[in-house]
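Values quoted throughout were computed directly from the atomic coordinates according to the rules given, and no laboratory measurement underlies them. Since this is a predicted model, take the numbers as computed values, not measurements. Using ideal geometry, Cβ is built from the backbone for each residue, glycine included, and neighbour counts are taken over all protein chains shown.
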């Protein structure tokens, strides 16, 4: 029987070592963008879970220094807005970590 692949992309498939002691997953942003598109097409559940799981990696990679959670939420893109809300929730629940790099952090 052929192996059917899921339509969503997991952000935990690959990791690499960069010039810092932290591991960054290079496919995280691609996975987020793909899953935002799926979310915008009405998919929920696993897509939402993958987006939420990607948030710490996006912070680690500095994605929210480039675009703040508020900028992710701006406009009329429901998937991007979800990523922004999840990022703000992550900051609120992990404020003791001293997360910086965005106006809400």
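Between residue 52 and residue 66, the distance separating the two model label sites (each 7 Å from Cα on the Cα→Cβ line) works out to 2.5 nm.
Each label was represented as a point 7 Å from its Cα along the Cα-to-Cβ direction; for residue 95 and residue 77 these points are 2.9 nm apart.
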